[in-house]
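The values are calculated or read from the model by the stated rules, or taken from the named source; none is laboratory data. Computed from a prediction, not measured in an experiment: that's the story for all the values here. No Cβ is skipped: glycine too gets one built from the backbone with ideal geometry, and neighbour counts run over all protein chains shown.
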């Protein structure tokens, strides 16, 4: 049993690490809203071009209360021994300030694209054919889409600002379902594949929990893969490759777990189905799939307005179809059994298991 002193130290250490992060990114969000309001005022943008919804939108106090609940769950997971006190590895103050500068420097261009509804600058003669067209877009209206080094440097700041400093805590909510399936097993003999691994933040938390686990990160962006390799430099048994969710370059029945964080809302419906089939293909019988993504329609009725505003403010062309996608049914058709969904602030964790091979039950 943990002593009261040890529990106090754990909670104090957690608070000391997380509260400044939240303040940093919430402060960025306040600055962004003020800059955006000033830009819209000076542009004289007609009201009909503004994002709007008739659905309920949570007020600031409700958002902060739900953020607090997320962090309390994160801390509870630590105290339960599911994963260690997290190290966010945000880098030095110099690196934080550099990413912040890149983030704010791109805001004027984002604003202009948003007002003009321009989102196809990434698809050009140089990039055409190198990636699927659905990927070659200015997602979030940001410069470079997901294709450039600057985009990779900005990404984690952008996501944390969007989520008010909770993105890493949300990512960590994918660890408890993995803990369930890894418990009592030799991590050296297990394999985990993370699809759309981006800058490697989630795999960092995986390696903090299971340092000898063999992990493989897959992403379509060479720039993001390079960033992930640098971020996990020194971590053993971590490999990365450029590839897409709908054509995974790994053998059948080769992975004990597959994860994908913040990816499925950016995939067209057809590609979601192909990706789930690929996830099922590479999973071993009895293996576990964990998806983390946005809330969907019906998960939190009081958040529906926020979900409807998101694709209006950020270029997310497949988000509307994501809101109504029945993942349990899609998974079932591909030999994956839906285990549960768990809400995590404005996101949710979806857990599936691959059906065991005949005779293995």
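Remarks
- Of all residues in region 197-230, those satisfying the criterion of being in a loop (DSSP other than H, G, I, E, B) and either in contact with a helix residue (DSSP H, G or I) (Cβ under 9 Å, 6 or more places away or on another chain) or farther than 16 Å from residue 131 by Cα (or both) are 197, 198, 199, 200, 210, 211, 212, 213, 221.
- Residue under evaluation residue 241, criteria (1) assigned to a strand (DSSP E or B); (2) within 26 Å of residue 81 (Cβ to Cβ), criterion not met: (2)
- Matching residues, region 275-297, being surrounded by fewer than 19 Cβ atoms within 10 Å (Cβ to Cβ) and part of a strand (DSSP E or B): 284, 285, 286
- All of 215, 206 fail the test of being touching a residue at least 24 places away in the same chain (Cβ under 8 Å), buried (at least 23 other Cβ atoms within 10 Å of the Cβ), under 15 Å from the mean Cα position of the chain (by Cα) and within 23 Å of residue 177 (Cβ to Cβ), apart from 206.
- Residue check, residue 201 under 20 Å from residue 178 (Cβ atoms), in contact (Cβ under 8 Å) with a residue 24 or more places away in the chain and surrounded by fewer than 24 Cβ atoms within 10 Å (Cβ to Cβ): no
- Residue 130 vs. criteria out of contact with any strand residue (DSSP E or B) (no Cβ under 7 Å at 6 or more places or on another chain) and free of Cβ contacts under 8 Å to residues at least 40 places away in the same chain: yes
- The number of residues in region 174-192 being closer than 16 Å to residue 76 by Cβ and either surrounded by fewer than 22 Cβ atoms within 10 Å (Cβ to Cβ) or free of Cβ contacts under 8 Å to residues at least 24 places away in the same chain (or both) comes to 3.
- Residue 304 falls short on exactly one of the conditions (1) over 27 Å from residue 74 (Cβ atoms); (2) buried (at least 19 other Cβ atoms within 10 Å of the Cβ), and that condition is (1).
- Test: residue 320 is free of Cβ contacts under 8 Å to residues at least 24 places away in the same chain and more than 22 Å from residue 134 (Cβ to Cβ): no
- Residue 36 vs. criteria part of a helix (DSSP H, G or I), closer than 23 Å to residue 265 by Cβ, in contact (Cβ under 8 Å) with a residue 24 or more places away in the chain and in contact with a helix residue (DSSP H, G or I) (Cβ under 8 Å, 6 or more places away or on another chain): yes
- Residue check for residue 342: in contact (Cβ under 8 Å) with a residue 24 or more places away in the chain, touching a strand residue (DSSP E or B) at 6+ places or on another chain (Cβ under 7 Å), closer than 23 Å to residue 215 by Cα and in a strand (DSSP E or B): no
- Of the residues making up region 345-361, those that are within 30 Å of residue 141 (Cβ to Cβ), in contact (Cβ under 8 Å) with a residue 60 or more places away in the chain and assigned to a strand (DSSP E or B) are 347, 349, 350.
- Residue match in region 176-190 (condition: under 11 Å from the mean Cα position of the chain (by Cα) and either in a helix (DSSP H, G or I) or modelled with pLDDT of 95 or more (or both)): no
- Matching option when the condition is in contact with a helix residue (DSSP H, G or I) (Cβ under 6 Å, 6 or more places away or on another chain), in a strand (DSSP E or B) and either modelled with pLDDT of 95 or more or on the phi > 0 side of the Ramachandran plot (or both), among 256, 194, 252: 194
- Region 298-333: number of residues that are more than 22 Å from residue 352 (Cα to Cα) and either assigned to a loop (DSSP other than H, G, I, E, B) or out of contact with any helix residue (DSSP H, G or I) (no Cβ under 8 Å at 6 or more places or on another chain) (or both): 13
- The residues of region 243-274 that are in contact with a strand residue (DSSP E or B) (Cβ under 7 Å, 6 or more places away or on another chain), surrounded by 17 or more Cβ atoms within 10 Å (Cβ to Cβ) and over 15 Å from residue 217 (Cβ atoms), listed by number, are 256, 264, 265.
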